[in-house]
Amino acid sequence: MSDVVGRIKEAARRLGFSVTGITSVEPLTEDLSALIEWRRAGYAAGMDYMTGRGSLHGTPKTLVPSSASLISLAVNYYSPSPPFEHENRFGRVARYAWGLDYHDVIRPRLLRLAAEIETLAGDGEGCRVKSRSFVDAVPLLERAAARRAGLGFFGKNTNLLRPIAGS
């Protein structure tokens with residue numbers, strides 16, 4: 001692992017990302033083929049955002065044409081369960097939804113990481129780095145990119161799973 005890659009991963013860890021993977025921006029060919037077949041089979045239902053962008057989902061370089069690498073990050077949303085005080089109400093809320101909206105939490109961290117990468121790329125002097133930061137809001141097969149970056153594998157439930165850590 002190059003020194004700069006190690007420093008990027010360390011910066012991401014300091015910003016609260018549990019794991020970092022870096023991969024190429026080459027097309028996600030197999031995953032795009034699976035998405036196309038999934039759409040043809042009619043599984044997209046009313047999710048028009050999954051059907052209208054063609055091959056864009058599987059070609060990361062089209063999102064940032066000058067890009068050379070794609071960084072995938074994960075955040076562990078585990079927190080201890082508070083005591084259940086039902087007060088005659090019942091139901092459960094998914095653990096990832098207990099706190100603030102993850103879009104609002106993660107996006108500022110991504111922007112800070114981009115700034116850190118600019119500093120690292122210029123050996124402390126600073127260097128302009130073109131980047132875009134996404135929190136599941138662009139037409140990209142993010143789980144496929146994360147898998148290729150080494151963050152985990154697809155489970156039967158189609159989630160990206162990390163051994164020991166879970167989804």
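The values are calculated or read from the model by the stated rules, or taken from the named source; none is laboratory data. Note that this is a predicted model, so its numbers are computed, not measured. Heads up, the Cβs are rebuilt from the backbone with ideal geometry, glycines too, and the neighbour counts pull from every protein chain shown. For the accessible areas, the whole protein counts, side chains as well, though only heavy atoms, and no ligand, DNA or RNA atoms are used. Shrake-Rupley method; radii C 1.70, N 1.55, O 1.52, S 1.80 Å.
Only protein atoms count toward the accessible area here, which uses a 1.4 Å probe; on the stretch 11-167, the carbon and sulfur part of that area reaches 54 percent. Working from label points 7 Å from Cα in the Cα-to-Cβ sense, the ALA121 to ASN88 distance is 6.0 nm.
About the centre of its Cα atoms, the stretch 7-164 shows a dipole size close to 180 debye [charges on the beta carbon of Lys, Arg (+1) and Asp, Glu (-1) only; nearest 20 debye]. Share of pairwise Cα-Cα distances greater than 15 Å in the stretch 13-67 is 59 percent (whole percent). If R0 equals 45 Å, the separation of the Cβ atoms of VAL75 and ARG40 corresponds to a calculated FRET efficiency of about 0.85. Of the peptides 31-37, 86-92, the order by per-residue mean of other Cβ atoms within 10 Å, starting with the highest, comes out as 31-37, 86-92. Fully extending the segment from VAL5 to SER66 would add 20.1 nm, taking 0.36 nm per residue of separation and subtracting the current Cα-Cα distance. Straight-line cross-link reach from LYS130 at under 26 Å between alpha-carbon atoms covers these lysines, not counting any fewer than eight positions away in the same chain: LYS9, LYS61. The average projected area of the stretch 50-167, computed from the convex hull of its Cα atoms over all directions, is 10.7 nm².
Taking amide H atoms as placed 1.01 Å from N in the peptide plane, the amide H of LEU28 lies under 5 Å from those of THR59, each 5 or more residues away in sequence or on another chain. Backbone phi angles across the stretch 132-149, fed through the Karplus curve with coefficients 6.51, -1.76 and 1.60 (θ = phi - 60°), yield HN-Hα couplings of 10, 10, 10, 10, 6, 10, 9, x, 9, 6, 4, 5, 5, 5, 5, 4, 5, 7 Hz in residue order; Gly and Pro are listed as x.
Rg and Dmax of the stretch 67-134, based on Cα coordinates, read 18.5, 60 Å. The packing ranking, built from the mean of other Cβ atoms within 10 Å per residue, places the peptides 95-106, 50-61 in the order 50-61, 95-106, highest first.
An ellipsoid equivalent to the stretch 1-109, defined through the eigenvalues of its Cα gyration tensor, has semi-axes of 32, 26, 11 Å when rounded to whole angstrom and sorted largest first. Rolling a 1.4 angstrom probe over the protein heavy atoms with all chains in place gives the stretch 46-167 an accessible area of 71 Å² per residue.
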